[in-house]
Structures are given as C-alpha cells and as structure tokens.
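Peer 1: Below you'll find the structure I mean.
The values are calculated or read from the model by the stated rules, or taken from the named source; none is laboratory data. Note that the structure is a prediction, hence the values are computed from the model and not measured. Every residue, glycine as well, gets a Cβ built from its backbone with ideal geometry; the counts of neighbours run over all protein chains shown.
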Ligand code: SAH
C-alpha cells in the first residue's frame, strides 16, 4: 500500500473491507494465538515533561513511588504463577534504578523464571541498553509518538526527536527485539502524519508496534482538548497489520479505556497481544498516564481471567509460548 492509499483508508467511513483484510492478514501471518504479557509499572518517577502525560515531572499532584527491586521480583513471581510467559517492566524516565541495579534484577528474574522480559523505561545511552540486553532482557518498547518532528517538539518540549530515533537504532544494534509506536488523535495530528508514522514503522522494521488513542488528562496542559477516537485507532491498527504483516500488535489498555469493547474490537482487526496490568494494586492509581484507566482496583488474577475470557470470546486461543519476534530468532 502506498502513502495515498493509506491516507484514503485512514479517512474512510466504510472500513468493513479494510478490517476484513487486516483480520485475514493477521490469521495468515500471525495465527490465532494471543500473547498475554504481564505489565509491571514499577515506578512513576519521571524527569521528563511530556505535555500529554499524567505523570509528567511538573505534575506535583501525583504521589511518586518506586517499587523496591524485591517488590518487583515478587510481582514477577506472582505473574509467572498466574501463567504469564512474558513480562513488561515499565516506568517513567530517569530517577529510576541504576543500570547495575536493573542488570541484577533482570538477571534474578531470568534465572528464577526464564520468562521473556520487555523493558519500557525511555531513552538511555547505547552502553546502558547494551548492559540491559546483556543481562537477559529480550525486548524494549520505545514509542516515537509521532514522526512529525514539529509536533514531537511541542509534545515533548525537553526531548529531541533525533535522539529518540537514535535510541531505536541502538536498541536494534545491541540485539533487542524492538517495539515502537504512536498515539492516535494527538492535537494537530493529521491523517497524512499517521500515514508517515506507519511508513516509518515499516522502515524501522519493528518487531512490535504499540500504539493507542491519545486520552487528554485533566492534570496536564492538554486538558480539555479532543482525544483519539476508536474508529481512527482501529483503522490505524488495521493498516499497520496490513503494511507490516508479521509484527506483534497489542490491543492496548488505552483502547479499552475509550470504549469498553475497544480491546476486543482491536483483536478483531489485527491485534494479537494483550498486556494486562499485574502491578500490585496499591501502586496502580499512582501510575495514571491518562484518566479512567480500567482495572485500577482489580486484583491481577481477576484481570488475567477477564482477558482469557476476552480472548475466547473472539474465537482465539491464549498462546503457550513466550511470543518472541516473528521476524528474527530470539
Ligand atoms: N516513560 C517511558 C514509558 C512509559 S509511557 C517512555 O516515555 O517511553 C508509555 C506510553 O504511554 C508513552 O509512550 C505514550 O505513548 C503513552 N501515553 C502517555 N500519556 C498518554 C495519554 N495521555 N494518552 C494516551 N497514551 C499516553
């Protein structure tokens, strides 16, 4: 599909054929299994001031927490006990554990459970990424958020677009399976920009594409602006599946936040991953990147069972393998 066709499909008000094709491509290249990744949001401490994010540095109304490495290990053990074969460790940026501490933690989790580990901790140096990979982390998620540099600078006033793209190359070079992605429905974002985002995802040859609708947070400078719609989010998802084919695409929490059936719909138009929150309940309400995040009060096991039912409701199965890259061997 070329850029014009992508734009046309992003704008269509009759997406049935697009959705059907995305589901066909998903079945053919990815199969029926859905991977469940347990998400541990281990700290909301952040040194960045991204204007869309509820845990931005300037948001002084947020109580900050940092789980101890023991607590993170226990949360991992709990998730493994529930049946997760892969874990995602996510946090704010900077002010977190030193690379040495993370290396030790990753080594401990790997040795004890052998699960796949994905990190999502923002921008770091090549040397730090290499150490984390060496310690046994398998994957890294770092969204570029938007491929429009002008919009990027507005949204992330203390970040540099070229640095973030550089990080994605470093992650690849040191041997990570790499995930990146965007937010859909950002203020000032056009369909042309989203088309360019999708083409950049293809150029980066990503192993995973994580994205979701932008949801305005009342405690940020973007309070009150419009957010991303489910329709545009699903059309974007379908197009990513068709353009990228053998890539992992989660039905993200943000999709479930703007519509109770959002994640189910996402699984039907190309998604093949769910990332239930397994953060200890007492920390969850402090990790709100945007308001009304579901599952804040649920115990992790409830979330796991809910998602298993969701997977079965769309005629799919829960994967029994760790779900490594479909492109490269782990
Ligand atoms: N701090 C790390 C990882 C945590 S943020 C990083 O920046 O990479 C994870 C993702 O949440 C971000 O990449 C962004 O795309 C998304 N996010 C943040 N605020 C959001 C909002 N208000 N609505 C929707 N998604 C948001």
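Peer 1: For region 91-119, give me each residue that is closer than 22 Å to residue 319 by Cα and either part of a loop (DSSP other than H, G, I, E, B) or within 16 Å of the ligand (Cβ to nearest atom) (or both).
Peer 2: 114, 115, 117, 118, 119, listed by residue number.
Peer 1: Let me ask you something else. Restricting attention to helices (runs of 4 or more DSSP H) lying wholly within region 250-330, give those where 1 or more residues are over 18 Å from the mean Cα position of the chain (by Cα) and free of Cβ contacts under 8 Å to residues at least 24 places away in the same chain. Let's see the steps before the verdict.
Peer 2: Details: elements: 253-258, 262-268, 281-284, 300-313.
The helices (runs of 4 or more DSSP H) meeting that bar are 281-284, 300-313.
Peer 1: Same structure, new question: With respect to residue 128, determine if the residue is farther than 25 Å from residue 233 by Cβ and touching a residue at least 40 places away in the same chain (Cβ under 8 Å). Write out each step before concluding.
Peer 2: Working: farther than 25 Å from residue 233 by Cβ: yes; touching a residue at least 40 places away in the same chain (Cβ under 8 Å): no.
Spelling it out, it is not the case that residue 128 is farther than 25 Å from residue 233 by Cβ and touching a residue at least 40 places away in the same chain (Cβ under 8 Å).
Each row is one residue, and each column tells you yes or no for (1) at pLDDT below 95; (2) touching a strand residue (DSSP E or B) at 6+ places or on another chain (Cβ under 9 Å); (3) surrounded by 22 or more Cβ atoms within 10 Å (Cβ to Cβ); (4) assigned to a loop (DSSP other than H, G, I, E, B).
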{"site": "189", "(1), (2), (3), (4)": "no, yes, no, yes"}
{"site": "197", "(1), (2), (3), (4)": "no, yes, yes, no"}
{"site": "200", "(1), (2), (3), (4)": "no, yes, no, no"}
{"site": "205", "(1), (2), (3), (4)": "no, yes, no, yes"}
{"site": "217", "(1), (2), (3), (4)": "no, no, yes, yes"}
{"site": "221", "(1), (2), (3), (4)": "no, no, no, yes"}
{"site": "228", "(1), (2), (3), (4)": "no, yes, yes, yes"}
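Peer 1: Among the numbered criteria (1) away from the ligand (no atom under 14 Å from the Cβ); (2) over 30 Å from residue 189 (Cα atoms); (3) at pLDDT 95 or above; (4) in a helix (DSSP H, G or I), which single criterion is violated by residue 81?
Peer 2: (3)
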